[in-house]
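Chemist: Below: one structure in structure tokens.
We did not get these values from a lab; they are worked out from the coordinates using the rules stated. Treat the numbers as computed from the prediction; the structure is a model and nothing was measured. Every residue, glycine as well, gets a Cβ built from its backbone with ideal geometry; the counts of neighbours run over all protein chains shown.
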Amino acid sequence: MESQFRQIIRQKIADSLALPVPALTRRDVWVPGVAGKAIAVIGMRRAGKTCMLWQELADRLAAGVARSALLYFSFEDERLAGMQAKDLDLVVEEYYRQHPEHRGPAKAVFFLDEIQLVPGWETFVRRILDTENVDVFLSGSSARMLSREIASSMRGRAMEALVRPFSFVEALRHAGQEPPAAVWPDKRLRSTLDKALLTYLESGGFPEAQGLDQRSRTELMRTYVDVVLLRDIIERHDVSHPQCLRWMVRHLLGNPTGGFSVSKFHNDLRSQGMAIGKDRLYAYLEHLEDSFLLRCVHLATDSIRRRQVNPRKVYPVDTGLIALFNRSGKAQIGHALETAALHELERRGCEVAYVKTQSGWEVDFHARMSDGKEYLVQVSADVDAPATLEREVRALVEAAQDFPNASLQLVTLARPVGRASLPDNVEMVEASQWLRP
């Protein structure tokens, strides 16, 4: 069996090193720069993790690293079925047999895709980090490689690079419409960007969904959700109440940006004759977050108890999923814009929570950057009505009493007609500009 694997691995290495680097849309993914750590590229299915590995390979090549020192190796190959951890060393042996010049001072870089298909891969990666002069990038399906498991199994030897669906800027780039970052465009181009933003909020950022008609996009999104539920949650965690899980997903994604209480949902299920423990529902919600299908945002407070007893706000991983579960018959542009704003803040490295003021006003996001800068961000698609504008501004101003160091931002699709009177400390920003950092 080993000799069979050796021959296949030898050929795969030769074929991989001869492959041209594919031309892909550049992603704005933050990659940790810590020596001696493997980089685990994680994210939801079909968000572009494999493409991210190729982007890193292309960047190393552009920086002057020899092509022969950059090995992309995919374990998603039926000929490698049955490989065990002890067989993984064949990849190292065969690579250095073909390119001994990279064993030593001339560092090699291994891009190991779908490595989670081989049981015991973690010990192999830790060993080569300790014994070989290599950089290692890992990626794989979230059905077998979740972020918390990477952290524990690699014992502190891995850091994460999270790949989300396209941001607004990445979607523009993919369509060949990205304007220069440092330039706020003229009126014609601004109108083009505004139109592109509405398209993005409706269709989302999954790479395969770009440019599809609505029916094809809906079926594609449905497939994504079904596969995540079946492969990443139901099969992986041996879910005993799949119907309850599916009801939870329909409820959460059917009410995007809304507050969610496990206790209230538990009571609703009981009233319909569904017997399931509350702890199990908490576990289901955790599984949905781990699979990257959705994101929960907690109340901004230092009190653990207040975080636990207050509802969490739930956002889909992508705005394109909103229409899939929308039963209102109305466009949910406001919810989509708020969802896009959350993911943009997290792309910028912010720690994000929502704010409830003493008077009961709500601010969508309190965002704290890694350098300590704070922002209060209120998102409203349409503030043309004076009462709406007044309500959004009042919430920001009152929230600022609890966060005096925060900058106040009101993000909207378009400025209201006529002059809008705002407090000096509140900045109104059009979304098509705000989403282009």
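Chemist: With θ set to phi - 60°, apply the Karplus curve 6.51 cos²θ - 1.76 cosθ + 1.60 along region 319-324 and write out the HN-Hα couplings as whole Hz, x wherever there is a Gly or Pro.
Modeler: The phi angles translate into 5, x, 7, 5, 5, 4 Hz.
Chemist: Ranking request for peptides 367-376, 406-415: highest mean number of other beta-carbon atoms within 10 Å first, then the rest in descending order.
Modeler: 406-415, 367-376
Chemist: Before anything else, pin down the relative contact order of the chain: Cα pairs under 8 Å, at least 6 apart, normalised by residue count, whole percent.
Modeler: Computed value for the chain: 13 percent relative contact order.
Chemist: Could I ask something else about it? Please report the antiparallel percentage of the DSSP beta bridges confined to the chain, to the nearest 5.
Modeler: Percent antiparallel among DSSP bridges in the chain is about 35.
Chemist: Tell me, what is the Rg over Rh of region 18-145, with Rh the Kirkwood radius over Cα pairs?
Modeler: Rounded to two decimals, Rg over Rh is 0.93.
Chemist: I've got another one for you. Starting from the amide H of residue 312, placed 1.01 Å from N in the peptide plane, find each other amide H under 5 Å away whose residue is 5 or more places distant or on another chain.
Modeler: Hits under the 5 Å cutoff: 260.
Chemist: Simple spin-label model, 7 Å along Cα-to-Cβ: residue 278 to residue 4 in nm?
Modeler: Here the answer is 5.4 nm between the modelled labels.
Chemist: Report the far tail of the P(r) of the chain, meaning the percent of Cα-Cα pairs longer than 41 Å. Write out the running numbers ahead of the final one.
Modeler: Values: 22254 of 95266 pairs.
For the chain, the share of Cα pairs beyond 41 Å comes to 23 percent.
Chemist: Please state the shape class of region 335-378: rounded when a/c is under 1.5, otherwise prolate if a/b exceeds b/c and oblate if not, all from the C-alpha gyration tensor.
Modeler: In terms of gyration-tensor shape, oblate.
Chemist: I would also like to ask the following. For residue 384, project a label point 7 Å along Cα to C-beta. Then give me every residue of region 403-421 with its amide nitrogen under 12 Å of that point.
Modeler: Correct set: 414-418.
Chemist: Then there is this: How far, in nm, would the chain grow between residue 374 and residue 306 when pulled straight, counting 0.36 nm per residue and subtracting the alpha carbon separation?
Modeler: 22.4 nm
Chemist: As an exercise, find the ratio Rg/Rh for region 286-332 from alpha-carbon atoms, using the Kirkwood inverse-distance average for Rh.
Modeler: For region 286-332, the value is 1.09.
Chemist: With angles folded into 0 to 90 degrees, how steeply does helix 2-18 sit against the dominant principal axis of the chain? Use alpha carbons for both and round to 10.
Modeler: Roughly 60 degrees between the two axes.
Chemist: Tabulate in residue order the Karplus-calculated ³J(HN,Hα) for region 333-346, using 6.51 cos²θ - 1.76 cosθ + 1.60 with θ = phi - 60°, rounded to whole Hz; enter x for Gly and Pro.
Modeler: 4, x, 5, 5, 5, 5, 4, 4, 5, 4, 5, 5, 4, 6
Chemist: Would you mind counting up the charge near residue 50? Only other residues with Cβ under 13 Å from its Cβ, with Lys and Arg at +1 and Asp and Glu at -1.
Modeler: Details: positive: 27, 45, 46, 49; negative: 56, 76, 113, 114, 208.
Charge balance near residue 50 sits at -1.
Chemist: Can I ask one more? Mind sorting 339, 199 by how few other Cβ atoms lie within 10 Å of their own Cβ, fewest first?
Modeler: Final ranking by Cβ density, sparse to dense: 199, 339.
Chemist: Something else now. How tilted is helix 121-131 with respect to the longest principal axis of the chain? Cα atoms for both, answer in degrees (0 to 90, nearest 10).
Modeler: Value to nearest ten degrees: 70.
Chemist: OK, next. Cα gyration tensor of region 318-437, axes a ≥ b ≥ c as square roots of the eigenvalues: rounded (a/c below 1.5), prolate (a/b > b/c) or oblate?
Modeler: It is oblate, given that a/c is not under 1.5 and a/b is not larger than b/c.
Chemist: Explain nothing, just compute: Karplus ³J(HN,Hα) = 6.51 cos²θ - 1.76 cosθ + 1.60, θ = phi - 60°, for every residue of region 425-437 in order, whole Hz, x for Gly and Pro.
Modeler: Computed from phi, the couplings for region 425-437 are 8, 10, 9, 9, 10, 6, 4, 5, 8, 5, 7, 10, x Hz.
Chemist: Rounded, prolate or oblate, given the Cα gyration tensor of region 42-82, with a/c below 1.5 counting as rounded? Don't skip to the end; give the middle numbers.
Modeler: Numbers: a/c = 4.40, a/b = 1.38, b/c = 3.19.
Here region 42-82 falls in the oblate category.
Chemist: Compute the distance in nm between two label points, each set 7 Å from the Cα along the Cα-to-Cβ direction, one at residue 21 and one at residue 61.
Modeler: For the pair residue 21/residue 61, the computed spacing is 0.5 nm.
Chemist: For residue 40, which sequence-distant residues (separation of 5 or more, or a different chain) have an amide H within less than 5 Å of its own amide H, given hydrogens modelled in the peptide plane?
Modeler: 138, 159, 160, 161
Chemist: Just want the ordering: 86, 330, 313, from fewest to most Cβ atoms lying within 10 Å of their own Cβ.
Modeler: Placing the least packed residue first, the sequence is 330, 86, 313.
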